[in-house]
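Since the structure comes first, as structure tokens, the remarks are kept for the end.
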Amino acid sequence: MAGQRLTDKTALEQQTGSGDLFMVVDVNDTTGSAAGTSKKIDSKYIIQTDKISVSNAEVIDLHNNEKILVGALSGYMITPISATCLITYNAPATETSNKSIYFGFDDSSDSYYWDSSSRFFGFQTTDSTYVFGGRPPGSGTKSTSILNSPFVIWSSGAFNGGWTMDVYITYAYTKVL
């Protein structure tokens, strides 16, 4: 409707479909106004990437306290696309625990997960990068539905090294109809 503000329009409360368009303001293009130029973008270009920082204390305690990477939304499932861990090594504490790290929807069992790495960051003495893309075990990602579940990271035991990490998680929320 012409003359109606975008904030006054009805919200679309499910995922977009093929060919759906979004309106965006490109603040780098000031040909329309000093504040930016209105443009359209196809929904296929929209995904979300969040950065979650994990302190050394949180790393050491991942076996007791999962870290939520993507919060649950009622009526939605999280579709993870990738997870990238940028590890910052803090000398002289080298990781010697040989513990595994897991990404998934339920940390109550190390049998169900989205992806994992055994002996994570073991004996590394420099900053490192790990990229995950989803390799669930034969038992599956979760023993129940992932609907309304957060996406989390946890470990198989206590890490003991002096390191922190930034996790870049790329995902989409998918409405379950």
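We did not get these values from a lab; they are worked out from the coordinates using the rules stated. All values derive from a computational prediction rather than experimental measurement. Cβ placement follows ideal geometry from the backbone for every residue including glycine, while neighbour counts extend to all protein chains displayed.
So here's what we get for this one:
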item	result
Counted charge near Thr144, where neighbours are those whose Cβ lies closer than 15 Å (Asp, Glu -1; Lys, Arg +1)	-1
Magnitude of the charge dipole, the chain, Cβ model with Lys/Arg +1 and Asp/Glu -1, debye to 20	340 debye
Residue order, fewest to most surrounding Cβ atoms within 10 angstrom, among Val59, Val54	Val54, Val59
Residue order, fewest to most beta carbons within 10 Å, for Arg135, Arg5	Arg5, Arg135
Packing-based exposure ordering (other Cβ within 10 Å, fewest first) of Tyr113, Tyr168	Tyr168, Tyr113
Ser143-Thr88 pseudo-label distance in nm [points 7 Å out on the Cα-to-Cβ vector]	3.8 nm
Ordering of 96-103, 121-128, 72-79 by packing [mean C-beta count within 10 Å, highest first]	96-103, 72-79, 121-128
Listed residue (Phe22, Tyr102, Leu86) projecting farthest to the positive dipole end of the chain, Cβ model	Phe22
Which label in [x] 17.7, 56; [y] 20.8, 77; [z] 20.1, 64 gives the computed Rg and Dmax of the Cα atoms in Å	[z]
Model label zone, Thr129; criterion: amide N under 14 Å from point 7 Å along Cα-to-beta-carbon; scope segment 78-104	83-88
